1. So what are the ³J(HN,Hα) numbers for segment A:158-163, from phi and the Karplus equation (6.51, -1.76, 1.60; θ = phi - 60°), rounded to whole Hz, Gly and Pro as x?
2. Just to confirm, what accessible area per residue do you get for segment A:104-178 at 1.4 Å probe, in whole Å²?
3. If you take the alpha carbon radius of gyration of segment A:139-179 and divide it by 2.2 N^0.38 Å, what ratio comes out, to two decimals?
4. Roll a 1.4 Å probe over the protein heavy atoms and report the accessible area of A:Phe65 in Å², nearest 10.
5. If you fit an axis through the alpha-carbon atoms of helix A:72-90 and take the longest principal axis of the Cα set of chain A, what angle between them do you get, 0 to 90°, nearest 10?
6. Quick one: which residues, 5 or more positions from B:Leu223 or on another chain, have an amide H under 5 Å from its amide H? H modelled 1.01 Å from N in the peptide plane, none for Pro or chain starts.
7. For segment B:180-196, what does the Karplus curve 6.51 cos²θ - 1.76 cosθ + 1.60, with θ = phi - 60°, yield as ³J(HN,Hα) per residue in whole Hz, taken in order and with x for Gly and Pro?
8. Give the B-A buried accessible area in Å², both sides summed, 1.4 Å probe, nearest 100.
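The values are calculated or read from the model by the stated rules, or taken from the named source; none is laboratory data. Just so we're clear, the structure is a prediction, and the values are computed from it rather than from any experiment. Here Cβ is always computed from backbone atoms with ideal geometry, including for glycine, and neighbour counts include all displayed protein chains. Accessible surface areas use protein heavy atoms only, side chains included; no ligands, DNA or RNA. Shrake-Rupley method; radii C 1.70, N 1.55, O 1.52, S 1.80 Å.
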Amino acid sequence: MRTEPTLATLLVSVAGGDRGALRSVYDRQSVRLFGVANAILRDRDAAADALQDAFLRVSERAGQFDASRGEASAWLAGIVRHAALDLARKRGRELPSDDPALGDIPVAPEALEAVAATAEGRRLRDCLAALDEKNRRGILLAFVHGLSHAQVAARLELPLGTVKAWIRRGLLQLRECLA
Amino acid sequence: MIPTDPQEREALAGEYVLGTLDARLAAEVAAALPSNIALREVVAAWEARLAPLTALAAPEAPPPDLWRKIEAALPGAAPDEAPEPRPGFGARWGRLWQGWAIGASAVAAGLAGFILLQPDPPPRLMTVLLTSGDQPAWVVEAQRGGALRLASLNPQPVDADRVLQLWALPQGATAPTSLGLIPAAGEVTVTPETLRPQPGMLIEISLEPPGGSTTGRPTGPVLFIGRLSAAGNS
């Protein structure tokens, strides 16, 4: 929209110590990023802590963002996901989750259409669609809701070892498909 | 130990990005990233590959005071901008653990917010926010858990140096409560911290400078406004 600086440009300014640029990144991205953290933590207080952590990391590491490796929005989401996952691990994520409804939304057949907004997303959607059903569900539950192997295993009613092996195989299959 | 075998390293990086590594291994990978170029490359490739999946998380507005806390926590923050005392860190962690204990119901409530169609719900509160020219601009629907779900109908671009701020004014109240900043278009869920949606509550969106109003009230024009009411039972 008009002369708005790109996120990548803003990150360059953040790396130079420009706090106003960090603020602009927050204004533009915090709703999306808070959603990403809250999907993993499912607790608004914790998600706020994770987002705070993430923005402190962004202010420290903006200089490491490399536009040749990917989109700024993806880089930001990665930082937020890892901050949220770190917090989930501290909370004892390794307990299996027994909520029967957990994760129904991202694995719904129509959900993948939301992924297909970009060319990369469409390729990813097609490659995910080529995976075995439980394999795909395991990957989506882990990525979107931050479920551990044990939680995915409980959710899909599969042995833990099977889930670990399937997810690993699924990831390598995805990589080949996207190559 | 970070594997040197390319296949093993690839698999480890994929699982790191996916998030399934346990705390110890994840910390080991994170610690190795700054110095291990090969690892950093494969991790960056995995981040880029899986990034489109973040679209599966429903956008949600953060608490309105979060930026202030972030700003106060940044290195070199002015001392007079230190945050007012908030619940002690210990108390916070206590809450987190407690949170896990009551997790089943909390998770269920959170997920209910994602589900659009529910059989036979209690009377739902909703409204359509109108422009000053009475054009519909946003649909607002109260969720069971007290959250508001907003969807833009006819998005108009907002100047790069302006943001949209959402407000609620309960009937009888004299001042609106900020519900935080929202994007100019799309769908967003906002969870008010201090009030619950009620019939007759005014919902408005004002145009504000970056970061939103600093006065606790709308400072820019109110662009869109509507009043929550029960949706007709059909």
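1. My calculation for segment A:158-163 gives 10, x, 3, x, 4, 4 Hz in order.
2. Numbers: 3370 Å² over 75 residues.
That works out to 45 Å² per residue.
3. Values: Rg = 10.6 Å, N = 41, 2.2 N^0.38 = 9.0 Å.
Here the Cα radius of gyration is 1.17 times the empirical estimate.
4. It works out to around 30 Å².
5. 60 degrees
6. The answer is B:Ile205, B:Ser206, B:Leu207.
7. x, 8, 10, x, 6, 7, x, 10, 8, 10, 10, 10, x, 8, 10, 9, 10
8. Working: alone 15050 and 10840 Å², together 19450 Å².
In total, chains B and A hide about 6400 Å² from solvent.
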